[in-house]
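What follows is one structure encoded as structure tokens, with my remarks underneath.
The values are calculated or read from the model by the stated rules, or taken from the named source; none is laboratory data. As the structure is a computational prediction, the values presented were derived from the model and not from experiment. Reconstructed Cβ throughout: ideal geometry from the backbone, glycine too, with neighbour counts over all protein chains shown. To get the accessible areas, we keep the full protein, side chains included, count just its heavy atoms, and leave off ligands, DNA and RNA. Shrake-Rupley method; radii C 1.70, N 1.55, O 1.52, S 1.80 Å.
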Amino acid sequence: NNIKTLENLSSQVIECLKSVFPNNQITPANIPSFLTSALNLIPLSHHDIDLHINVGQLSSLLFQHGFKLLEQKQNQKARDIFRALLLLNPHHTLATYNLACAEALLGNDSDALECLRKAVSLGYRDYHHMMKDDDLQRLRNSDQFNQIIADLMSIETTNNGCQWRKCNSSTVPTGACPFKPSSGCCGARPMCTPVPTSTIQNVTTPTSVGVHSPIPTAPVPSSSPLPTPVPPAPSAVSPKWTSELSILHEMGYFDDDLLITCLERTKGDIHQTILQLIDN
């Protein structure tokens, strides 16, 4: 299962990168400038490269770049970046919401509404922002948009004024609810509730995924290798997650306390654990 999970993650990463590399060619000469700090492509021969990726940083850089493009009114490019990010992490709530904004700005009302509904299903709850977001102005007179707002208001009422979704505490990241817990609020931070950009940008543990991809026979410049993460001194680890921790250590994650917490929530599902670490 773990091998299959890593294969799926590698496939998601490759599809994501193909969508942002020029001509869908993943080569050292084609690395987009805004992604250089997250990627290291080492030529092995005229036909193969060794590709190392800091997955958490890749997710963060894509989100930052897409948001910057929206601010610059480069809406089509922003849409493409958020689509790429969702290939990497389909459960990224803010990327889904911002994709809705880009689609609305491009005049694609039905696609924008579909993305808004998906963002809500993933946990987006800030209907106050949604109602005043200029990017969504063209949608405000539609019945579908008003229904989304009504549904969110109903959720808030059901949760006794708390905008945070009811959640299964075994599947969500840790963190205190900013609202006073009540009978309708579990008091835990839901996986997909919007978080500050500063939190999204806080990526501290690199993840490397090795894959191979053809490169042109013409010489290409090599990149300086990314710094190799140095694991901390070994600590007492629960034997329950020994094999899973070994896999995560190989990928560059060394905070065992955080890893064990995530593994407990996901019941040892490596793929879901990695997605939580990316969002952390």
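All conditions but one from (1) in contact with a helix residue (DSSP H, G or I) (Cβ under 6 Å, 6 or more places away or on another chain); (2) buried (at least 16 other Cβ atoms within 10 Å of the Cβ) apply to residue 15; the one that does not is (2).
Just give me the residues in the stretch 256-273 being under 17 Å from the mean Cα position of the chain (by Cα) and aliphatic (A, V, I, L, M), in sequence order. Residue satisfying the conditions is 270 alone. Of the set (1) open to solvent by less than 10 Å² (accessible area, probe 1.4 Å); (2) closer than 17 Å to residue 135 by Cβ, all apply to residue 88 but (2). For the stretch 1-21, name all the residues that are under 16 Å from residue 62 (Cβ atoms), out of contact with any His (no Cβ under 7 Å at 6 or more places or on another chain) and in a helix (DSSP H, G or I). Within the stretch 1-21, 12, 13, 14, 15, 16, 17, 18, 19, 20 meet the criteria.
Matching residues to (1) touching a Phe, Trp or Tyr at 6+ places or on another chain (Cβ under 8 Å); (2) farther than 30 Å from residue 18 by Cα:
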site	(1), (2)
54	no, no
80	no, no
89	no, no
96	yes, no
105	no, no
109	no, no
145	no, yes
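For residue 42, the conditions (1) in contact (Cβ under 8 Å) with a residue 12 or more places away in the chain; (2) in a helix (DSSP H, G or I) all hold with the exception of (2).
Between a residue in the stretch 22-35 that is loosely packed, with under 13 Cβ neighbours inside 10 Å and any residue that is assigned to a helix (DSSP H, G or I), which pairs come within a Cβ distance under 7 Å, given they are 6 or more apart or on different chains? Close Cβ pairs satisfying both conditions: 22/30; 24/18. Please work out if residue 111 is open to solvent by 30 Å² or more (accessible area, probe 1.4 Å), in contact with a strand residue (DSSP E or B) (Cβ under 7 Å, 6 or more places away or on another chain) and of a type in the set (Asp, Glu). Here the answer is no, as residue 111 does not meet what is asked. Could you grab me the full set of residues in the stretch 74-120 that are more than 16 Å from the chain's Cα centre (by Cα), free of Cβ contacts under 8 Å to residues at least 12 places away in the same chain and over 17 Å from residue 142 (Cβ atoms)? The answer is 74, 77.
Only residues that are surrounded by fewer than 14 Cβ atoms within 10 Å (Cβ to Cβ) and acidic (Asp, Glu) were counted across the stretch 127-154, and they come to 3. For the stretch 40-57, the set of residues classified as modelled with pLDDT under 90 and either of a type in the set (A, V, I, L, M) or closer than 19 Å to residue 12 by Cα (or both) consists of 40, 41, 42, 44, 49, 50, 51, 52, 53, 54, 55, 56, listed by residue number.
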